[in-house]
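Structure first, then comments.
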There are 2 protein chains.
Amino acid sequence: MTAYGSPVTASPTGAEKPRRRPYAARVPADVRREQLMDAALTIIVRDGYAAVSVDAIAKEAGVTRPVVYGVFEGGLRDLLGTLLDRQQERALTQLSEALPPEPDLSDPDRLVAETARKMIETVRSNPMVWQPILLAPVGMPAEARSRIDGDRENFVVQLTGLLELGLALRGGPVLDAEVAAHAILAILEHFGRLLLTEPDRFETDRLVSTITGLLGSLK
Amino acid sequence: MTAYGSPVTASPTGAEKPRRRPYAARVPADVRREQLMDAALTIIVRDGYAAVSVDAIAKEAGVTRPVVYGVFEGGLRDLLGTLLDRQQERALTQLSEALPPEPDLSDPDRLVAETARKMIETVRSNPMVWQPILLAPVGMPAEARSRIDGDRENFVVQLTGLLELGLALRGGPVLDAEVAAHAILAILEHFGRLLLTEPDRFETDRLVSTITGLLGSLK
DNA sequence: CACAAATGCTACACCTGTGTAGTAATTACT
DNA sequence: AGTAATTACTACACAGGTGTAGCATTTGTG
């Protein structure tokens with residue numbers, strides 16, 4: 001069936017033969033998995049969750065759909081679930097690295113300010129990790145949503161504990177610690193969004209000094 | 001191939017005639033428009049923005065798709081745009097009704113607390129209005145997103161002005177008013193989300209007293 | 001260099017949603 | 001009641017995404 005001495009391919013013309021698509025570089029399965037997850041992440045960050053599909057991911061990675069199904073048996077659901085695991089782990093790692101290993105309890109205000117600064121810088125320098133988390137609480141598969149909600153809830157619980165301790169220790173106002181923890185988380189998340197959408201307008205120092213300013217006037 | 005006296009078909013008749021769908025009640029165009037917008041809103045609140053389609057809206061309203069196109073020339077885009085106008089207006093109206101007509105500047109803390117209470121009650125009693133705004137900043141048509149962002153920005157500007165005034169008048173800490181305004185908005189929105197997702201856990205008083213508690217300890 | 005395993009591609013059948021042309025039922029008015 | 005206008009329905013052609021079976025190519029190994 002192949003054309004004999006067929007000139008072939010060369011573009012100029014001639015043959016309207018439905019020439020085959022050039023093969024993408026062959027890549028072992030586990031590397032391909034990472035590539036495909038990266039492609040999905042790129043799409044999410046650039047075009048939003050709504051734009052994600054097996055088709056779009058395959059195109060983004062420069063391969064055809066069957067390749068995706070070959071590596072993620074469960075299709076899109078499987079791929080996104082795995083991606084979620086990966087990103088969740090990266091995010092939690094980055095967060096825990098921003099927390100001080102051995103907190104200096106003698107100066108709580110300074111401790112808070114330092115931690116806040118580290119978190120802000122982390123978010124600022126890892127937009128691919130944080131944008132999908134901070135800028136898309138909805139519109140994504142329900143599973144992703146509930147996963148993030150779980151982490152958030154977890155964080156609120158920890159923060160509530162810290163607050164109860166901190167308020168007692170530092171002598172702050174008497175507050176409903178849980179509600180206050182929610183409020184703080186809301187501010188953190190919102191600052192994160194500002195960082196991602198208008199990084200130049202809200203410099204690190206500006207956000208940090210608002211936090212220290214507030215802390216300083218809370219008595 | 002049908003069995004003659006075939007039992008089948010349950011219903012008395014027996015005729016396998018592709019019987020016509022019963023006509024939906026005939027309704028003048030302008031009423032139909034409202035009905036369809038209500039149907040769309042119901043879907044958004046119940047199933048999320050992702051579930052909205054001309055087909056789904058028609059089903060929800062108990063009619064067929066051509067009815068939708070007959071009343072909204074531009075199809076889905078047109079319908080959602082009009083719905084957005086309607087909901088935006090309702091939301092802004094409700095907000096402005098929560099604001100005091102002639103603010104009593106002699107007791108700013110009380111003023112804030114009263115206003116907060118009214119806003120909370122407004123959100124609590126109008127979930128169909130506020131859920132799509134507070135619980136879905138993404139995943140909706142970009143147009144809706146930017147519309148809401150515009151209103152939010154607007155609100156921040158107003159709030160920034162109020163803060164500058166209030167801080168001077170009441171004698172609070174020296175703060176970056178714009179950043180502080182963002183922080184307050186973040187808290188308001190987050191409280192709104194808590195109200196909508198866990199109305200029983202976060203009673204009105206609990207949220208209000210956190211606000212007054214914070215205000216009272218800010219010096 | 002041959003050949004087997006691993007990897008990628010094409011082609012198809014299916015599903016869901018869009019938008020429209022043509023037709024049928026209902027309603028309002030004489 | 002008869003009839004015209006209004007409203008709703010059916011049916012089709014199209015577009016884009018899914019998932020899979022079968023074939024083609026590449027690549028590692030003797």
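The values are calculated or read from the model by the stated rules, or taken from the named source; none is laboratory data. Because the structure is predicted, anything quoted here is derived from the model rather than measured. Note that each Cβ is placed from the backbone with ideal geometry, even for glycine, and that neighbours are counted across all protein chains shown. Just the protein is used for accessible areas: all its heavy atoms, side chains included, with ligands, DNA and RNA removed. Shrake-Rupley method; radii C 1.70, N 1.55, O 1.52, S 1.80 Å.
Of the residues making up the stretch B:194-208, those that are under 16 Å from residue B:110 (Cα atoms) and more than 7 Å from every other protein chain (Cβ to nearest Cβ) are B:204, B:205, B:208.
For beta carbons closer than 6 Å, sequence separation of 6+ or different chains, a first residue in the stretch A:167-182 that is touching a residue at least 60 places away in the same chain (Cβ under 8 Å) and a second that is part of a helix (DSSP H, G or I), the qualifying pairs are A:170/A:108.
When the criteria are applied in full, residue B:79 fails the requirement of being within 15 Å of the chain's Cα centre (by Cα) and either under 29 Å from residue B:194 (Cα atoms) or not assigned by TED's automatic domain parsing to the domain that holds residue B:189 (or both). Within the stretch B:68-108, take every residue that is polar (S, T, N, Q) and open to solvent by less than 80 Å² (accessible area, probe 1.4 Å) and give me the one that is farthest from residue B:151 (Cα to Cα). Across the stretch B:68-108, the extreme among qualifying residues is B:82.
Scanning the stretch A:12-21 finds no residues that are within 8 Å of DNA strand C (Cβ to nearest atom), at pLDDT 90 or above and open to solvent by less than 70 Å² (accessible area, probe 1.4 Å).
Scanning the stretch A:142-187 for residues that are away from every other protein chain (no Cβ under 12 Å), surrounded by 14 or more Cβ atoms within 10 Å (Cβ to Cβ), at pLDDT 90 or above and farther than 30 Å from residue A:78 by Cβ turns up A:159, A:160. Considering every residue within the stretch B:121-134, establish whether at least one is outside any helix (DSSP H, G or I), surrounded by fewer than 19 Cβ atoms within 10 Å (Cβ to Cβ) and either more than 14 Å from every other protein chain (Cβ to nearest Cβ) or out of contact with any Pro (no Cβ under 6 Å at 6 or more places or on another chain) (or both). Yes.
Among the residues of the stretch A:183-205, those identified as in a helix (DSSP H, G or I) and free of Cβ contacts under 8 Å to residues at least 24 places away in the same chain are A:183, A:186, A:187, A:190, A:194, A:205.
Answer with yes or no whether residue A:45 is among the β-branched types (Val, Ile, Thr), within 18 Å of residue A:126 (Cβ to Cβ) and surrounded by 14 or more Cβ atoms within 10 Å (Cβ to Cβ). For residue A:45, the condition - among the β-branched types (Val, Ile, Thr), within 18 Å of residue A:126 (Cβ to Cβ) and surrounded by 14 or more Cβ atoms within 10 Å (Cβ to Cβ) - is met.
Screening residue A:60 with (1) open to solvent by 20 Å² or more (accessible area, probe 1.4 Å); (2) touching a residue at least 60 places away in the same chain (Cβ under 8 Å) gives one miss only, at (2).
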